[in-house]
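Everything on this sheet refers to the single structure shown next.
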Amino acid sequence: MLGMPTDKKRNKPKSDMPRHERHHAVDHIPDVRDGLTRQERVVLYVLYETQRERGDRNVPTAMLWGRVCEHFYISPEDLSAMLARLGARK
């Protein structure tokens, strides 16, 4: 990390972007392990947990959307497209 300005208190590289913007930028980068973005991983996790609560029954998209929006905002259309892309939809 030569040439990068550092934060004097923590001796870590300083970024020009505020912390909340860096977090949003990472949301859209696929993970190298499985190719899922953070948002896709959250959707699958919430789907899994909701299915367990419902006794392994199907989860209505509206219910899933409401629970996913507790973590981040996504439009209902974008959620449906994501579910279709992930193969979690009939």
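Among the residues of the stretch 77-88, those identified as over 13 Å from TYR45 (Cα atoms) and surrounded by 14 or more Cβ atoms within 10 Å (Cβ to Cβ) are LEU79, SER80, MET82. When restricted to residues that are surrounded by 12 or more Cβ atoms within 10 Å (Cβ to Cβ), under 14 Å from the mean Cα position of the chain (by Cα) and either assigned to a loop (DSSP other than H, G, I, E, B) or among the β-branched types (Val, Ile, Thr) (or both), the stretch 46-70 contains 3.
When the stretch 71-88 is filtered for residues that are part of a loop (DSSP other than H, G, I, E, B) and touching a residue at least 24 places away in the same chain (Cβ under 8 Å), the ones remaining, listed by number, are HIS71, PHE72, ILE74, ALA88.
Restricting to the stretch 30-72, name every residue that is closer than 14 Å to ALA88 by Cβ and aliphatic (A, V, I, L, M). Listed by number, the residues that qualify are LEU36, VAL42, VAL43, LEU44, VAL46, LEU47, VAL59, MET63, LEU64, VAL68.
Where a number appears in this text, it was derived from the coordinates with a stated rule and is not lab data. Predicted, not measured: the structure shown is a model, and the values here were computed from it. Ideal geometry is used to build each Cβ from the backbone, glycine not excepted, and the neighbour counts take in all protein chains shown.
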